[in-house]
Amino acid sequence: MSNLQEMINLLFSDHYKLESASAVERTLQQLTEGRDLVTVILRNARQAHTSMILAVDGADGAPIIDDLQPEPDAGGALAGMPLLLVGRVQGVYTGFQSEVQERIVWNRYDALRLALPTAVFQLQRRAFLRAAPVLGESNRVTLQRRGARVLDGLCADIGGGGMRVLIGPPRDFPLYVGEKLAALQFSLNGKVVAVAGEVCSMGAIGRSGTPPRQALGLRFLDLPEAVREQIIQHTLQRDRQHLRSTRSDLASGCNLAGGI
């Protein structure tokens, strides 16, 4: 669930919050019409559940969702349970916070009626893009740990929510998912940035290279919005460059094919 957790931490922030009644109504309608599976996370749950928004109540606009799969540990005692629901609208991650009001039967199917959310969250595609560091700029990253030695690594890619780093395994205390880092220090547009972070995912230690390397997924904590915007602009620029390069390659292929 590390990638899911990383996305949820980014999505459910004030930066992507839409509080108007029209935005809530429109988003619920779009999620319902999409007929796609959604992810539901109950408070203190040990796993995520899947469901589908079946309908929007005509009386008050509250969402009605299909019964959760797999069945929650709480069984039937779900009334009043807070939850997060995450789906996609036209490919864009979208979600809301709510709570279970009651268990109902909807068109002969077991279902859950949720409280009408007061806000929805929609992640802009630009905030979830990842890109490699700028060529010619240092991609070195320093991880300052609490109660352990500093680690040096290399940035593999970076986005508005975090970065993927390659490091040598620590020689004192092993890293673990969920570990809070006192600071991640890296270079951005020629300036040094230091921000708190969290380990979200850990890859296997590669033995083929010298020295061995391990990939870490790191989430930014309390990143200043001005710095986040600079990172996002960098990823957008690299994305546009990639699209132009792809189109150029396709055009060259068409010209070659035309000459055969």
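Read the figures in this text as sums done on the coordinates, not as results from a lab. Source: prediction; values computed, not measured. Here the Cβ positions follow ideal geometry from the backbone for every residue, glycine too, while neighbour counts run over all protein chains shown.
Between residue 194 and residue 13, the modelled labels are 2.1 nm apart [label points 7 Å from Cα along Cα→Cβ]. Its relative contact order, with pairs defined as Cα atoms under 8 Å and 6+ residues apart, puts region 2-123 at 29 percent. In terms of surrounding Cβ atoms within a 10 Å radius of their Cβ, 205, 41, 65 rank from fewest to most as 205, 41, 65. Peptides 177-186, 193-202 ordered by packing proxy, namely the average of other Cβ atoms within 10 Å per residue, highest first: 193-202, 177-186. Here the Karplus curve 6.51 cos²θ - 1.76 cosθ + 1.60, taken at θ = phi - 60°, turns the phi angles of region 50-60 into couplings of 10, 7, 8, 7, 7, 6, 10, 4, x, 6, 10 Hz, with x standing for Gly and Pro. Output needed: percent of Cα pairs per 10 Å distance bin for region 2-123, bins running from 0 to the one holding the longest distance. Percent of Cα pairs in each bin: 13, 50, 32, 4. Sort 234, 15 so that the residue with the fewest other Cβ atoms within 10 Å of its own Cβ comes first and the one with the most comes last. Ranked by crowding around the Cβ, least crowded first: 15, 234. A Förster radius of 35 Å, combined with the Cβ-Cβ distance separating residue 26 from residue 107, puts the computed FRET efficiency at roughly 0.90.
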